[in-house]
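Student: Structure in structure tokens, see below.
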Amino acid sequence: LGSIGTSEQGRDIPVLLLGDPQAQQQVLIQGTMHAREHLNTWLLMAMADYWLSRGISRYGDVCWHIIPMVNPDGVAVSQSGKLSSRQQEIYRWDLDERYTRLEEAQYAAAWKANGLGVDLNRNFPSGWEPIDGPQQPSSQRYKGDEPFCAAESRALGEYTLAYDFDVTISYHSSGSVIYYEFGNRQPANAMSESLSKAVAAVTGYEMKGSDTVEGGGYKDWAMD
């Protein structure tokens, strides 16, 4: 059990390593980058529990790096249904700009960003420039002043570069879909498609390309 760093509001971002850190294959699995999708944290913890109970060595010479909750500050907002004074300012701006019509408690529960109103899955460099969304902190889709300006995305990026990962997997909710590519990146797209077909065969989830999806995501940057 380790940590990739701390959030903007000082919360720890734990990482679980299952297997030998010097294993031939290194796999990163992360979830709950979007606050309201905190069900993914329970899922990743259940997966870790299942793998450990069966004996992690049976899965080969692999080290699994599991980050169950990338965005603890945002989760605190979504789970509590309450906004800080700074988040209330964001809420009023979203109301004025007609980005939301929700009552405050509903708005808080649907919060996706980190605690400062940066959408972490729009804060990575790849495809960041063209993103068209809110021009200041918001409950969702504000890409930040620059890539990696959020402590959480920066910590995840630094951790990713610290290992020679063969695979990264990002858990989101709740489209029952696998986004497996980014632009025309080859051979990364071909390898990702092969993995996605194997996952789709087990889950029944539909595979989708990247034509209709904004950039700036962790997956996009990892593939780059």
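The values are calculated or read from the model by the stated rules, or taken from the named source; none is laboratory data. Quick caveat: nothing in here was measured; it's all calculated off a predicted structure. Quick reminder, even Gly has a Cβ in these numbers, built from the backbone with ideal geometry, and neighbours come from all protein chains shown. Note: accessible area is taken over every heavy atom of the protein model, side chains too, but ligands, DNA and RNA are not part of it. Shrake-Rupley method; radii C 1.70, N 1.55, O 1.52, S 1.80 Å.
Student: In degrees, nearest 10, range 0 to 90: what is the angle between the Cα axis of helix 188-203 and the longest Cα principal axis of the chain?
Tutor: The helix 188-203 is inclined about 90 degrees to the chain.
Student: Could you tell me which of ASN121, LEU102, MET207 has its Cα farthest along the dipole of the chain towards the positive end, charges placed at Cβ (Lys, Arg +1; Asp, Glu -1), taken about the Cα centre?
Tutor: After comparing all options, I get LEU102.
Student: Moving on to the next point. Order TRP221, TRP42 by their accessible area, 1.4 angstrom probe, all chains in place, largest first.
Tutor: TRP42, TRP221
Student: Now for a different question. So what is the relative contact order of the stretch 137-208, in percent, for Cα pairs below 8 Å that sit 6 or more residues apart?
Tutor: 25 percent
Student: Per residue of the stretch 138-145, what does 6.51 cos²θ - 1.76 cosθ + 1.60 with θ = phi - 60° give for ³J(HN,Hα)? Whole Hz please, x for Gly and Pro, Karplus curve as stated.
Tutor: Listing the rounded values in order: 8, 5, 7, 6, 7, 7, x, 5 Hz.
Student: Per the Kirkwood formula on distinct C-alpha pairs, the Rh of the stretch 20-62 is how many angstrom?
Tutor: Answer for the stretch 20-62: a Kirkwood hydrodynamic radius of 11.8 Å.
Student: Could you please state how large a percent of the accessible area of the chain is carbon and sulfur, counting protein chains only and using a 1.4 Å probe?
Tutor: Reported share for carbon and sulfur atoms: 49 percent.
Student: What distance in nm separates the simple spin-label points at ARG92 and SER80, each placed 7 Å from Cα in the Cβ direction?
Tutor: 1.9 nm
Student: Still on this model: When the distances between all Cα atoms of the stretch 173-224 are binned every 10 Å from zero, what whole-number percent does each bin get?
Tutor: 26, 56, 18
Student: Right, next: Using only the Cα atoms of the chain, build the gyration tensor, take square roots of its eigenvalues as a ≥ b ≥ c, and label the shape rounded, prolate or oblate: rounded if a/c is under 1.5, else prolate if a/b is larger than b/c, else oblate.
Tutor: Because a/c hits 1.5 or more and a/b exceeds b/c, the chain counts as prolate.
Student: Any chance you could list P(r) for the stretch 1-113, counting all Cα-Cα pairs in 10 angstrom bins from zero, rounded to whole %?
Tutor: 14, 36, 25, 15, 8, 1
Student: Please report the relative contact order for the chain, taking Cα pairs under 8 Å with a sequence separation of at least 6, and give it as a percent rounded to a whole number.
Tutor: 23 percent
Student: In whole Å and largest first, what semi-axes does the C-alpha gyration tensor of the stretch 117-189 yield when each eigenvalue is scaled by 5 and square-rooted?
Tutor: 22, 16, 13
Student: Let me ask something else. By the scheme Lys and Arg +1, Asp and Glu -1, what is the net charge of all other residues having a beta-carbon under 10 Å from that of TYR107?
Tutor: So the environment of TYR107 carries a net charge of -2.
Student: Ok, one more. Taking the Cα atoms of the stretch 71-197, what is the range of coordinates along each of the three principal axes, in descending order and whole Å?
Tutor: The Cα atoms of the stretch 71-197 stretch 45, 29, 26 Å along the principal axes, largest first.
Student: Here's another thing I want to ask about it. Please report the antiparallel percentage of the DSSP beta bridges confined to the chain, to the nearest 5.
Tutor: For the chain, the DSSP antiparallel bridge percentage is about 35.
Student: Sticking with this structure for a sec: At 1.4 Å probe size, with every protein chain present, just tell me what the per residue accessible area of the chain comes to in Å².
Tutor: Result: 52 Å² of accessible area for each residue.
Student: How tilted is helix 151-162 with respect to the longest principal axis of the chain? Cα atoms for both, answer in degrees (0 to 90, nearest 10).
Tutor: 20 degrees
Student: Find the centroid of the Cα atoms in the stretch 165-211 and in the stretch 33-61, then give the distance between the two in whole Å.
Tutor: 18 Å
Student: While we're on this one: Where in the stretch 178-195 does the amide nitrogen come within less than 13 Å of the point 7 Å from the Cα of MET207, taken along Cα to Cβ?
Tutor: Those under the cut-off are 178-182, 189-195.
Student: Just name one of SER196, TRP42, GLN88: the one whose Cα is farthest towards the positive end of the charge dipole of the chain (beta-carbon charges, Lys/Arg +1, Asp/Glu -1).
Tutor: TRP42
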